[in-house]
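Please read the structure below before turning to the comments.
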Amino acid sequence: MYQIMCYTRSADEALYYGPRLAYSMHLALREGEGVFIPLNHNSGVLFARATENEDGSLNPKSLRNPVITRTADGGFLISAVRIEGDGDEEKEPVQLYWTSRDLVIYDEVPEETAKELYEQIKQTEQNVAEENYNNQDIENIAGCIPGNIISISEQEAEYLKKKLLPPENTGVRLPEGVKAQCSEDIEKIKAVTTYSDGTSLERRVDWNTSGIDFTRKGNVKVKGRVHQEHFAFPIAYNRADPCVARWNGKYYFIATNDADNNHTLYIREADTLSGLVDAEEILLLDSVTYEGIGNLLWAPEFHEINGRLYIFHAATPGEFFSEESHIMTLKEGGNPANRDDWSAPRKILKKDGSELCEAGKTISLDMTCFEWEGEYYVIWSQRQFLPKDLGAWLYIAKLNPEEPWKLATEPVILSKPDYGWDNNHTFVDEGPFALMEGDRLFITFSGAAVDESYVVSYLVIEKGKDLLDRSNWRKNNYPILTARSVEGEYGTGHNAYVIDEDGLVWNTYHARPGAEGVRSSGIRRVHFDVDGCPMLDVVEEKDLKEEFASVEIEVEII
């Protein structure tokens, strides 16, 4: 028997879990008579959406008293009382309702729809709520304010574990009947690592072929070790918003430089991904060389457009309120690690050649670029400060690949910081980056203040849909990387991706080594879950367990 309990948490800023995070619905799972195990690192999975004013500004909201009910068709109906973002009661309480097929994705529904569903529930004599726990059952869940409990099937429980618990390496498979004529044949033999969520991954093996005589026919046993890059966090102190690119067989690393208050950008070059850790830093851009570039060099990113390499970044002539998105171009045949091979930065402009933002009133930053279904797009963060601070919103537009400093369409709002996790301490959606997986496009982005509570979540859309229509995107209701995801890493955010020579996808991100630590860069492999969604919290020890790392295979020498 499996049971799921919904709950909220008591707010505790000392634990970096303020009211806008704590007052959300959490889930815990129990098998049989055991204790409840919190899912998703004891973080919320369902947040109330902010209300919006006529001027576009937001009123943050939270929730309390969540209740999960079985619907007549076997799904779930969730209700909760909406409260103010920081926990105060609303003057006129509002009841919120959602439906869900799996307790992972939620769709908000109006009250009338909920009433109809409740009527159907009554007719089928479904249990609205169960409460059969004691304090010992929940004492391992920090801050737990219990809601109700319902029974779920083993299949539903297993799915929740696959989606809301970090998977672990459960074994390694090797091919059978392998034949080889030389060491190169053996080096091509791959291993498949399997995981507790039912997924698997093909990986390179570092085989030891030194003692094999390939002139002698017959079977031999060959030992090896499943290849795994090792990256201790952090790989670079005082480096935020990191981005890594592969270009002409080499790897390049670039990031915001917090060490000098964002006045320079340095680049690293290496033959391997792990080689970037100890690679020399080479000055690429400063705030004195070019007119109009005088301060706050932020969030540089490499992007390839029609076979040319570019760097998108933000800069200002001096003051913060003039920060704008810029682009630099690598000359034909140029070396990315040579600053003289890059053009001077130029502002990103609208389609008609006008300024993207009005200096002093609105800023733009964190522009990213990607190709999708034959078109180039850019997404960036934009914040209006005057006449009223509206917070940072994500915008999207097509890009002109022939003149990549110019948009090809008018900007469209893509996301506002309307959940507690992306308006915690301040209203910010920023740091977008594209990740393609199958027929879906994920845009991961960061939310909330750039402090210890900074988080990452995503937007997702399917192939064939118009990217410029906001209604075609689904915004994930909860963050997938937080200060609770990996021990010792706080303020996780502003990430980017690179695919290595083995086809593995790596997440570059920044976090703080300790809540008061400086923003510093890290790298971790991206795990794709049972549904193909990215998971950014699978640490090396779970990605490849030591007990499965060493392998042996029998090979027939022919």
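The values are calculated or read from the model by the stated rules, or taken from the named source; none is laboratory data. Predicted model only: the values in this text are computed from it and were never measured. Glycine also receives a Cβ, built like all others from the backbone with ideal geometry; neighbour counts cover every protein chain displayed.
All conditions but one from (1) surrounded by fewer than 22 Cβ atoms within 10 Å (Cβ to Cβ); (2) touching an Asp or Glu at 6+ places or on another chain (Cβ under 7 Å); (3) outside any helix (DSSP H, G or I); (4) modelled with pLDDT of 95 or more apply to VAL551; the one that does not is (2). Pairs are defined by a Cβ separation below 7 Å, a sequence spacing of at least 6 or placement on different chains, a first member in the range 310-336 that is touching a residue at least 12 places away in the same chain (Cβ under 8 Å), and a second member that is among the basic types (Lys, Arg) and surrounded by fewer than 22 Cβ atoms within 10 Å (Cβ to Cβ); the pairs so defined are GLU324/LYS347; HIS326/ARG346; HIS326/LYS347; ILE327/ARG346; THR329/ARG308; LEU330/ARG308. None of ILE145, ILE150, ILE105 is assigned to a loop (DSSP other than H, G, I, E, B), surrounded by 14 or more Cβ atoms within 10 Å (Cβ to Cβ) and modelled with pLDDT of 90 or more except ILE105. Against the test of being under 26 Å from the mean Cα position of the chain (by Cα), in the same structural domain as LEU63 (by TED's automatic domain parsing) and at pLDDT 95 or above, the options GLU158, GLU202 yield a single qualifying residue, GLU158. None of GLY532, GLY503, GLY517 is assigned to a loop (DSSP other than H, G, I, E, B), under 22 Å from ASP206 (Cβ atoms), not assigned by TED's automatic domain parsing to the domain that holds ARG173 and not hydroxyl-bearing (Ser, Thr, Tyr) except GLY503.
In the range 277-303, the qualifying residues are those that are surrounded by 15 or more Cβ atoms within 10 Å (Cβ to Cβ) and either among the charged types (D, E, K, R) or outside the structural domain of PHE445 (by TED's automatic domain parsing) (or both), and the one that is nearest to ASP260 (Cα to Cα) is ASP286.
Mind listing whichever residues of the range 246-273 are surrounded by fewer than 20 Cβ atoms within 10 Å (Cβ to Cβ) and closer than 18 Å to GLU501 by Cβ? Once the filter is applied, which keeps residues that are surrounded by fewer than 20 Cβ atoms within 10 Å (Cβ to Cβ) and closer than 18 Å to GLU501 by Cβ, the range 246-273 yields ARG246, TRP247, ASN248, GLY249, LYS250, GLU269, ALA270, ASP271, THR272. For the range 348-368, check the following and say yes or no: at least one residue is hydroxyl-bearing (Ser, Thr, Tyr), exposed (fewer than 15 other Cβ atoms within 10 Å of the Cβ) and more than 22 Å from TYR458 (Cβ to Cβ). Yes, the range 348-368 has at least one match. Among the residues that make up the range 76-94, is at least one of them modelled with pLDDT under 95 and among the small types (Gly, Ala, Ser)? Looking through the range 76-94, none of the residues is modelled with pLDDT under 95 and among the small types (Gly, Ala, Ser). For the range 23-71, the candidate set comprises residues that are within 22 Å of the chain's Cα centre (by Cα) and among the hydrophobic types (A, V, I, L, M, F, W, C); within that set, the residue that is surrounded by the most Cβ atoms within 10 Å (Cβ to Cβ) is ALA48.
Checked against the criteria, ASN338 does not count as under 27 Å from the mean Cα position of the chain (by Cα) and of a type in the set (S, T, N, Q). A Cβ distance below 6 Å, combined with a sequence gap of six or more or placement on separate chains, defines the contacts here; from the range 377-390, residues that are under 13 Å from PHE427 (Cα atoms) reach no residue that is among the basic types (Lys, Arg) and surrounded by fewer than 19 Cβ atoms within 10 Å (Cβ to Cβ). Taking strands (runs of 3 or more DSSP E) as the structural unit, those lying wholly within the range 1-81 and holding at least 3 residues that are of a type outside the set (Lys, Arg) and closer than 23 Å to GLU92 by Cα correspond to 61-70. Just one of VAL192, VAL172 is over 24 Å from ILE480 (Cα atoms), out of contact with any Asp or Glu (no Cβ under 6 Å at 6 or more places or on another chain) and either assigned by TED's automatic domain parsing to the domain that holds PRO38 or assigned to a strand (DSSP E or B) (or both); which is it? Testing whether each residue is over 24 Å from ILE480 (Cα atoms), out of contact with any Asp or Glu (no Cβ under 6 Å at 6 or more places or on another chain) and either assigned by TED's automatic domain parsing to the domain that holds PRO38 or assigned to a strand (DSSP E or B) (or both) leaves just VAL172. Consider the range 427-443 and keep the residues that are part of a strand (DSSP E or B) and small (Gly, Ala, Ser). The one that is surrounded by the fewest Cβ atoms within 10 Å (Cβ to Cβ) is ALA434. Screening the range 108-142 for residues that are among the β-branched types (Val, Ile, Thr) and either closer than 23 Å to PRO19 by Cβ or not in a helix (DSSP H, G or I) (or both) and picking the one that is modelled with the highest pLDDT gives VAL109. Entry remark, the range 400-426: residues being of a type in the set (Asp, Glu) and either assigned to a strand (DSSP E or B) or surrounded by 15 or more Cβ atoms within 10 Å (Cβ to Cβ) (or both) number 2 in total. The selection criterion, being in the same structural domain as GLY318 (by TED's automatic domain parsing), among the polar types (S, T, N, Q), assigned to a strand (DSSP E or B) and modelled with pLDDT of 95 or more, does not hold for THR272.
Selection of the range 400-449 for residues being among the charged types (D, E, K, R) and more than 25 Å from LYS350 (Cβ to Cβ) yields ASP418, ASP422, GLU437, ASP439, ARG440.
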